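Visitor: The structure is given below, and queries will be raised subsequently.
The values are calculated or read from the model by the stated rules, or taken from the named source; none is laboratory data. The structure presented is a predicted model; accordingly, all values stated were derived computationally and were not measured. All Cβ positions, even for glycine, are placed from backbone atoms using ideal geometry, and neighbour counts span all protein chains on display.
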Amino acid sequence: MTDTPTAPGRRGELRFSTMAWLLTALLLAAAPHASKLPIWLSGLFVVSICWRLAIAMGFAPFPNRWLLMAATIGTALATVVDYGMLIGPESGTALLVGMSGLKLLETRDRRDCGLAVLLGYLLVVTWFFHAQEVQAGLYLVASVTVLTCALVAGATVDRNATWRDPIRPALILLVQALPFAFLLFLLVPRIHGPLWALPNQGDAGITGIDDSMTPGAIARLAESSRVAFRTRFGGAPPGREKLYWRGPVLTRFDGRTWTRGAPSIAGSPGYQPLSKAVEYSVILEPHGQRWLFALDLPSKAPARATLNREYELLWQTPIDRLLMYRVRSHPEYRQSMQLAPPERASNLHFPPGSNPLTRNLGEQWRKANLTAWERVERALSLYRQQPFVYTLSPPIAQIDASDRFLFETKRGFCEHFASSFVLLMRAAGVPARVITGYQGGEMNTLGKYLIVRQSDAHAWAEVWIQDTGWVRVDPTAAVAPERIELGVHAAVAERSRMIFGTRVDLGWLHRVALAWDTLNNHWNEWVVGYGAESQRTLLAKLGISESGRAGLLAGLLLGMPLCALAVWLLANWCGQRSQPRNPTAIAYERFCARLGKLGLERGTAESPRAFATRAAGARPDLQRDIHEITELYATLRFAPGADDRLFAVFQRRVSKFRPKNQPRRA
Amino acid sequence: MNFPRSKTFRLRPIRERLLARIERWATRRRRPVSGSAYLDSRTIYILPTRNGLVFGMMLLVMFVGATNYANSLAFVLTFLLAPMGAVSMWHTQRNLTGLVVEAGRAEPVFAGQSASFRIPVRNRKPTARRSLGLRTRTGEVAHFRVPGSERKLIELQVQTRARGLLNLDRLTVFTRYPIDLFEAWSWIDVGASALVYPKPSGSHHLPEALGAAGFAEARACPGTDDFSTLREYARGDSPKHVAWKASARSEGLLTKRFDGSGGQQLLLSWDATSGPDPEARLSQLALWVLRAEEEGLRYELRLPGVEVEASFGRAHRHRCLEALALWQGSGHD
């Protein structure tokens with residue numbers, strides 16, 4: 001259908017309350033973007049809002065068409081200059097913010113108002129490129145509610161509508177949509193991978209464990225209470241001392257920095273499990289690199305990840321969004337494979353010229369003709385017997401760090417222990433390497449899952465023993481066993497015990513923080529992390545096959561409206577059987593009830609006029625009132641064109657009609 | 001339908017043609033009814049509006065984006081908005097069901113003025129019906145709301161152009177409530193009509209030479225006290241005829257009455273007018289009727305085939321103007 005110029009809603013000004021809803025909604029939708037946008041764009045948006053407000057209040061005119069066009073082209077050009085392109089999530093969002101501001105300045109009628117609200121919905125959805133945590137969910141709820149109110153306000157053409165009117169219909173619409181939204185979210189098939197290639201969208205950059213280790217790197221991480229990942233165990237969690245979350249394996253040492261070795265052969269060599277498997281799911285925060293963390297030792301890679309010869313789990317692409325995966329590990333194992341000569345060589349490599357004292361000590365042990373295990377024991381007893389101190393702020397040496405640590409300062413963090421231990425072993429002729437990752441984690445008893453933070457970052461060692469394979473050795477545990485048993489904050493006395501910015505010893509505050517983290521974890525598991533993988537798992541748990549899913553979705557989506565329709569038809573049918581309650585009928589019933597009190601009941605099939613004649617016969621003193629009220633009633637109900645004034649007269653007559661019980665004597 | 005066409009939106013002519021076809025099909029067996037029309041799901045039609053189409057496209061973009069970026073919250077928003085749009089369709093349709101539109105009435109007007117139809121709309125459901133509109137074929141719109149179980153008189157202004165009987169044979173009741181993604185409408189054939197008098201125009205001088213012998217005498221009346229009786233002032237009386245002196249002595253205003261004193265009467269005849277355009281001649285006669293009534297004269301109207309006997313007063317004026325409005329022309333015309 002078409003609108004015409006005479007329709008007040010089309011050309012006429014929008015009501016002030018509609019404009020107020022629209023401006024509030026767009027301001028709310030655009031507000032979080034301000035933190036990511038160039039300042040001139042936020043300024044442009046705010047100016048547009050203020051100008052439109054001034055127009056609505058009658059202080060300012062609409063801008064000239066040429067001015068608007070110039071502003072539009074200018075915004076597009078400035079976006080290109082600022083971002084280098086127009087296509088892409090970042091610049092597209094910037095352009096959208098600018099355009100929705102300018103759109104407001106040409107919003108004259110309710111149709112434009114509707115389009116502006118639709119732009120607002122797009123503003124909301126583009127924010128989710130940047131954030132998807134619980135706060136983003138709250139923002140979704142708030143902004144969509146206000147936007148929908150604005151949409152209702154724009155579609156309301158009653159002249160006497162108030163600003164409060166849109167709230168109820170908007171909430172009703174959203175609440176009615178919720179069950180459908182829930183089903184669609186759970187059941188609409190999700191696909192793996194993008195439809196087209198994307199530029200990296202992670203704006204967090206690289207965080208957490210790096211693929212190299214220089215002195216002081218892990219100590220810096222230990223000061224951050226940011227969550228690295230959360231994990232939920234299928235059964236009872238293993239003991240804390242077994243929670244070694246394996247990350248990058250570092251084999252190459254250049255005298256100062258440990259890095260990963262040559263790209264290794266894909267496919268794990270396999271191992272012989274010596275204990276029961278532990279199953280768990282991990283929700284990994286984006287860290288911008290490829291590795292996944294799994295307990296020593298993972299047996300099988302999750303879909304789209306690979307397990308290599310070093311037992312590193314690698315994702316296909318750098319992880320730039322929240323990732324949920326399931327792994328199975330065996331904490332006790334034995335490896336039966338042989339170490340290939342080049343592999344052996346790279347794990348024995350000691351850069352010539354560096355750390356001469358360390359090399360000397362190791363070589364003494366090799367010449368002493370000890371077994372590999374005895375050499376390991378020698379090194380560990382060195383850490384135990386001499387006054388080594390585990391500290392977060394060790395003195396940092398740039399050259400020969402291992403020598404300085406072992407023979408001078410004796411103060412170090414886990415990376416110093418691991419690095420010096422591996423060098424000692426290599427000098428002693430035992431193949432060894434550094435493993436980085438996380439150790440431990442905090443059990444959230446409320447949500448029954450483990451939180452692993454950046455402060456749990458750790459480095460340990462692995463040595464190669466004939467017939468046993470790679471064996472984990474943690475030299476830090478020799479010096480500070482409480483690091484493994486209780487965590488870094490228990491082991492390092494000099495730091496204040498801050499987690500989430502709250503002191504661990506302030507019990508209730510910490511409990512609040514844990515409750516908040518539990519909420520975040522549920523949100524991550526069920527909303528943000530819900531994808532193709534978790535969809536399959538959930539449906540399998542519910543006993544629905546892949547092929548049954550389409551049928552189920554179709555059935556539910558069709559079935560729910562059909563049920564609603566049935567209920568509605570039933571309600572309509574019942575409603576039509578009872579008399580429609582209109583005010584005329586209500587007033588007439590009141591009149592009949594008053595006569596009823598005098599003993600004059602109206603029969604069910606008696607017409608109003610027949611009843612009036614009978615009642616007037618019984619009470620001649622009320623004759624005039626009875627007949628006149630009945631005539632008014634008949635006119636109002638059955639004559640077309642009767643108006644409101646007549647109804648007012650009728651209602652007044654009925655109200656005044658209060659017959660006494662005893663007929664008056666004439 | 002002479003709706004103004006937008007140059008910017010190409011879909012509109014297609015849409016209009018489609019709607020005209022639907023209308024012909026939907027109402028092929030209808031006859032205009034006097035009385036009332038009840039709206040139920042069989043007579044209500046619904047289509048997406050332009051905003052509704054844009055909304056659909058927006059959802060598609062959101063869905064593709066959400067899939068591509070595997071963005072869960074984008075999925076949440078898409079899957080919330082899509083059923084909201086669908087639910088709104090049901091609300092839009094329901095906003096019309098249970099309404100009863102009755103035959104309206106309008107006071108006679110002169111051609112060129114707008115006729116004000118008062119159309120009763122009853123809401124048989126207990127919930128209020130909001131943001132409704134009534135539209136005529138010529139595009140006049142009245143917006144209104146009807147509270148639950150109530151009856152409202154909706155005033156619909158219709159621009160008149162030519163004299164005669166203006167039939168409001170087909171009305172469209174429509175609504176886009178609550179979110180303007182769909183428009184539901186129904187065609188209503190209630191027999192309502194307004195009488196449109198010819199537009200008064202031409203010479204203000206009453207015909208002197210023709211018909212009335214005592215006209216000059218009658219014309220002189222307003223300056224003198226030569227009137228027959230006094231009556232109570234009624235709305236519409238010319239202030240020139242108010243007997244101010246007499247009124248000062250009595251309680252209310254009094255108007256002088258010149259009911260044919262001396263037996264003079266004016267003959268307003270088709271033959272006294274001239275010109276090629278019969279409409280212009282009718283307009284001249286209409287103007288004379290108004291003038292004569294204003295002057296308080298008795299007058300008689302003679303049209304080819306129609307005669308209204310000499311009299312005066314509001315009822316007589318209406319009879320004359322009605323005759324002028326409905327005159328169909330004589331045999332030789």
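Visitor: Report yes if some residue within the stretch A:150-161 is more than 28 Å from the chain's Cα centre (by Cα), free of Cβ contacts under 8 Å to residues at least 60 places away in the same chain, surrounded by fewer than 24 Cβ atoms within 10 Å (Cβ to Cβ) and outside any helix (DSSP H, G or I); otherwise report no.
Guide: yes
Visitor: Being under 20 Å from the mean Cα position of the chain (by Cα), aromatic (F, W, Y) and within 14 Å of chain A (Cβ to nearest Cβ) is true for just one of B:F174, B:F182. Which residue is that?
Guide: B:F174
Visitor: Quick one: A:G154 ticks every box in (1) more than 8 Å from chain B (Cβ to nearest Cβ); (2) within 21 Å of B:G52 (Cα to Cα) bar one, so which box is it?
Guide: So the condition that A:G154 fails would be (1).
Visitor: If you don't mind, another one. Only residues that are of a type in the set (S, T, N, Q) and within 11 Å of chain A (Cβ to nearest Cβ): list them for the stretch B:151-171, please.
Guide: Selection gives B:Q157, B:Q159.
Visitor: Turning to a different aspect of this structure: Within the set of pairs 6 or more residues apart or between chains, which connect a residue that is more than 24 Å from A:S393 (Cβ to Cβ) inside the stretch A:212-236 to a residue that is among the polar types (S, T, N, Q) with Cβ atoms less than 6 Å apart?
Guide: So the pair list comes out as A:R230/A:N521; A:R232/A:S281.
Visitor: Determine if the stretch B:203-210 includes at least one residue that is crowded, with 19+ Cβ neighbours inside 10 Å and either of a type in the set (K, R) or more than 19 Å from the chain's Cα centre (by Cα) (or both).
Guide: Yes: one or more hits.
Visitor: What number of residues in the stretch A:378-421 are assigned to a helix (DSSP H, G or I), more than 44 Å from the chain's Cα centre (by Cα) and acidic (D, E)?
Guide: 2
Visitor: A further question on this structure: Among the residues of the stretch A:312-327, write down those that are within 18 Å of A:T231 (Cα to Cα) and of a type in the set (S, T, Y).
Guide: Correct list: A:Y325 only.
Visitor: Within the stretch A:135-177, which residues are of a type outside the set (G, A, S) and in contact with a strand residue (DSSP E or B) (Cβ under 9 Å, 6 or more places away or on another chain)?
Guide: Once the filter is applied, which keeps residues that are of a type outside the set (G, A, S) and in contact with a strand residue (DSSP E or B) (Cβ under 9 Å, 6 or more places away or on another chain), the stretch A:135-177 yields A:T156, A:V157, A:D158, A:R159, A:N160, A:D165, A:P169.
Visitor: Out of B:P126, B:P108, I need the residue that is surrounded by fewer than 18 Cβ atoms within 10 Å (Cβ to Cβ), on the phi < 0 side of the Ramachandran plot and at the interface with another protein chain (Cβ under 9 Å from one of its Cβ atoms). Which one?
Guide: Just one listed residue meets the conditions, B:P126.
Visitor: Something else now. Scan the stretch A:95-115 and give yes if some residue there is facing chain B (nearest Cβ under 8 Å) and without any contact (Cβ under 8 Å) to a residue 24 or more places away in the chain, otherwise no.
Guide: Among the residues of the stretch A:95-115, at least one is facing chain B (nearest Cβ under 8 Å) and without any contact (Cβ under 8 Å) to a residue 24 or more places away in the chain, which makes the answer yes.
Visitor: Here's a check for you: in the stretch A:349-375, which residue that is in a loop (DSSP other than H, G, I, E, B) and of a type in the set (S, T, Y) is surrounded by the most Cβ atoms within 10 Å (Cβ to Cβ)?
Guide: That would be A:S354.
Visitor: What number of residues within the stretch B:82-104 satisfy the criterion of being within 7 Å of chain A (Cβ to nearest Cβ) and under 21 Å from B:P120 (Cα atoms)?
Guide: Qualifying residue count for the region: 2.
Visitor: Taking into account only those residues within the stretch B:111-123 that are buried (at least 18 other Cβ atoms within 10 Å of the Cβ) and not charged (D, E, K, R), which is nearest to the other protein chains (Cβ to nearest Cβ)?
Guide: The selected residue is B:P120.
Visitor: Go through (1) surrounded by 14 or more Cβ atoms within 10 Å (Cβ to Cβ); (2) under 30 Å from A:S455 (Cβ atoms); (3) at pLDDT below 85 one by one and return the number of the condition A:A228 breaks.
Guide: All conditions are met except number (3).
Visitor: Working only within the stretch A:515-543, note down all residues that are outside any helix (DSSP H, G or I) and either more than 14 Å from every other protein chain (Cβ to nearest Cβ) or under 9 Å from the mean Cα position of the chain (by Cα) (or both).
Guide: Scanning the stretch A:515-543 gives A:G529, A:L542, A:G543.
Visitor: List, please: which pairs have Cβ atoms under 7 Å, are six or more places apart or on different chains, and start with a residue in the stretch B:168-184 that is at positive phi and surrounded by 24 or more Cβ atoms within 10 Å (Cβ to Cβ) and end with one that is among the basic types (K, R) and modelled with pLDDT under 90?
Guide: These pairs meet every condition: B:D180/A:R110.
Visitor: Then there's this: When the stretch B:140-177 is examined, which residues are found to be more than 20 Å from B:P48 (Cα to Cα) and part of a loop (DSSP other than H, G, I, E, B)?
Guide: B:E140, B:P147, B:G148, B:S149, B:E150, B:T160, B:R161, B:A162, B:R163, B:L168, B:D169, B:R170
Visitor: Working only within the stretch A:116-149, note down all residues that are in a loop (DSSP other than H, G, I, E, B) and facing another protein chain (nearest Cβ under 9 Å).
Guide: Listed by number, the residues that qualify are A:F128, A:F129, A:A131, A:Q132.
Visitor: Continuing with this model, one more query. Restricting attention to the stretch B:26-37, does a residue exist that is touching a Phe, Trp or Tyr at 6+ places or on another chain (Cβ under 7 Å), more than 9 Å from chain A (Cβ to nearest Cβ) and under 22 Å from A:R111 (Cβ atoms)?
Guide: no
Visitor: Which of the following residues is aromatic (F, W, Y) and at pLDDT below 85: B:Y233, B:Y299?
Guide: Going through B:Y233, B:Y299 in turn, just one is aromatic (F, W, Y) and at pLDDT below 85: B:Y233.
Visitor: Still on this model: If you check B:F63, B:F55, B:F79, B:F75, which single one turns out to be assigned to a helix (DSSP H, G or I), more than 7 Å from chain A (Cβ to nearest Cβ) and modelled with pLDDT of 90 or more?
Guide: When all the criteria are applied, what remains is B:F63.
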